[in-house]
Amino acid sequence: MTDVERPVAGRWFEDLPVGTTVRHATRRTVTETDNVLFTTMSMNTAPMHLDAEYAAGTEFGRPLMNSMFTAALVVGLSVAELTQGTIVAQLGFSVDFPAPVFAGDTIRVDTEVVEARESKSRPNAGVVVFEHRAYNQRDELVCRLRRTGLMLRRPV
């Protein structure tokens, strides 16, 4: 299968100029099961994620969602509309969590392209920096994640 025949849902480098903003259609309500599975699969033993009695004694009063799960979800919610079939590689990311996420929260994501440039080493690709902003059902910003992707150019 050639690149042109490959199924694509994401956007090509040319479709991602700086300022492009997407409010992603898919939202997701996170669950206690998500938290326990992700936390145990990633070998994180922090009681703030797994021990309800311990978490009840913290300032949050209940278990926090694993922040790496939150980050993965934020990226995942953007894939279908931005990078599915058009990304070569993820080059890096930085993230902050301005507010906690709990089981039962519904997460939505907006993405803005904040940088875009042609690749110096790959003529068929460009480098794009996406800023994903995730909000809960109360419109509180719960995650801000910048990720850099090597994006394919539109095939000729």
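With respect to the conditions (1) open to solvent by 40 Å² or more (accessible area, probe 1.4 Å); (2) in contact with a Phe, Trp or Tyr (Cβ under 9 Å, 6 or more places away or on another chain), S121 falls short on a single one, namely (2). In the range 97-120, the residues that are acidic (D, E) reach residues that are open to solvent by less than 20 Å² (accessible area, probe 1.4 Å) and not in a strand (DSSP E or B) with C-beta atoms within less than 6 angstrom, at least six apart or across chains, in these pairs: D105/V30; D105/N136. T70 meets all of the listed conditions (1) of a type in the set (V, I, T); (2) modelled with pLDDT of 95 or more; (3) farther than 27 Å from V127 by Cα but one, namely (3). Of the listed requirements (1) at positive phi; (2) without any contact (Cβ under 8 Å) to a residue 12 or more places away in the chain, G85 misses just one: (2).
Each row is one residue, and each column tells you yes or no for (1) open to solvent by less than 80 Å² (accessible area, probe 1.4 Å); (2) part of a loop (DSSP other than H, G, I, E, B).
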residue: G10; (1), (2): yes, yes
residue: T33; (1), (2): no, no
residue: T40; (1), (2): yes, no
residue: M43; (1), (2): no, yes
residue: H49; (1), (2): yes, no
residue: V74; (1), (2): yes, no
residue: L77; (1), (2): yes, no
residue: A89; (1), (2): yes, no
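Within the set F69, F93, the sole residue that is surrounded by 15 or more Cβ atoms within 10 Å (Cβ to Cβ), of a type outside the set (D, E, K, R), in contact with a helix residue (DSSP H, G or I) (Cβ under 8 Å, 6 or more places away or on another chain) and assigned to a helix (DSSP H, G or I) turns out to be F69.
The values are calculated or read from the model by the stated rules, or taken from the named source; none is laboratory data. Computed from a predicted model, the values in this text were never measured in an experiment. For neighbour counting, all protein chains shown are included, and Cβ atoms are generated from backbone atoms with ideal geometry for every residue, glycine included. Areas reflect the complete protein model, heavy atoms only, side chains present, ligands, DNA and RNA absent. Shrake-Rupley method; radii C 1.70, N 1.55, O 1.52, S 1.80 Å.
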